[in-house]
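Just below is one structure, and these are the notes that go with it.
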Amino acid sequence: MLFNTPQTPDIIRLSIPAAMAIGLLTAMFFIFIIGKALMAQRARTSTGIEGLIGQHGSVREPMISEKLKPPYSGMVLVAGELWRAEAAEELGKGEKVEVTAVNGFTLQVKQPDE
């Protein structure tokens, strides 16, 4: 139907500018979709253990140690969830922390570099 022949009625003929416009719009659409797909592939993981590393949170229960030496343990709020955490230094309630590793259900945290 899209071929222009002498027998084709004028109502269904496709002009060259219209064909070029349709082709250009289709190409732009697919370039946009492929660009978004590539950006999604490069995006940082936001779920699971990989998504926790690098997240910031706050101390909810002071990080203390019964032996007065590391590791200091307490509770932290990270990504809206309470986690058991360990740190190399004593941290008080309300202090900001950054997750450096995850061991089972325990987060390894440190004070963020600012």
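Rule-based calculations on the coordinates, nothing more; no lab input. The model shown is predicted, which means the values in this text are computed figures rather than measured ones. Cβ: placed from backbone, ideal geometry, glycine included. Neighbour counts: every protein chain shown.
Which option, (i) 14, 47, 29, 7, 3, 0; (ii) 14, 36, 23, 17, 9, 1, 0; (iii) 13, 27, 14, 10, 9, 9, 9, 7, 3, 0, is the value of P(r) over Cα pairs in 10 Å bins from 0, in percent that was calculated from these coordinates? This structure yields the entry labelled (iii). Taken along the Cα-to-beta-carbon direction at a fixed 7 Å, the label points for ALA101 and LYS69 span 1.9 nm.
Once the Cα atoms are used to define both axes, helix 16-42 deviates from the longest principal axis of the chain by about 10 degrees. Helical runs (DSSP H, four residues minimum) scored at -39500 (n - 2.57) apiece and divided by the length of the chain put the mean residue ellipticity at 222 nm at -9500 deg cm²/dmol. Derived scalar couplings between HN and Hα for the stretch 56-62 equal 9, x, 9, 6, 9, 10, x Hz in order, rounded to whole Hz, by the Karplus curve 6.51 cos²θ - 1.76 cosθ + 1.60 (θ = phi - 60°), x for Gly and Pro. When the Cα positions of GLY94, SER65, GLY54 are compared along the charge dipole of the stretch 50-110, SER65 comes out farthest toward the positive end, with charges on each C-beta of Lys, Arg, Asp and Glu.
Toward the positive end of the charge dipole of the chain, with +1 on the Cβ of Lys and Arg and -1 on the Cβ of Asp and Glu, the farthest Cα among PHE32, PRO112, ALA18 is that of ALA18. Between the amide H of VAL97 and those of GLY57, SER58, VAL59, distances stay under 5 Å, these residues lying 5 or more places away or on another chain, with hydrogens modeled in the peptide plane. Each residue, ARG60 and ALA88, gets one label point 7 Å from its Cα in the Cβ direction; the gap between the two is 2.6 nm.
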